[in-house]
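The values are calculated or read from the model by the stated rules, or taken from the named source; none is laboratory data. All values reported here derive from a predicted model rather than from experimental measurement. Surface areas here come from the heavy atoms of the whole protein model, side chains and all, with no ligands, DNA or RNA. Shrake-Rupley method; radii C 1.70, N 1.55, O 1.52, S 1.80 Å.
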Amino acid sequence: MECAGTITIGLAQPVTVDQIFIEHSYALVSPNMSSAPRLIQAWGHVDRLDVPGTFLGEFVYLKEHNQTVPPRQTFAVSAGRGGLAVNAVRLEV
């Protein structure tokens, strides 16, 4: 996946990540959905030296919002990653 943007979120204390939430504004507020992310990769970091980190999953954000596809979408972390406490989460879009 070619990365167009990255954000790393440092956490106040270690957490076990089991879901990722991605939300984009409603189409009524932002009719141009081209800015919404499409492919997203998530990585967990135990500490700053933990590079590249632990792969948590790759998700596809659905831009076609309607009653069954809301702007806030929930993605489960890859099986087998549960129980890993991380101090930071990196998202690549």
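Okay, here's what the table says:
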quantity	calculated
Computed accessible area, Thr6, all protein chains, 1.4 angstrom probe, square angstrom	80
For Leu56, distant residues with modelled amide H under 5 Å away	Ala42, Trp43, Gly44
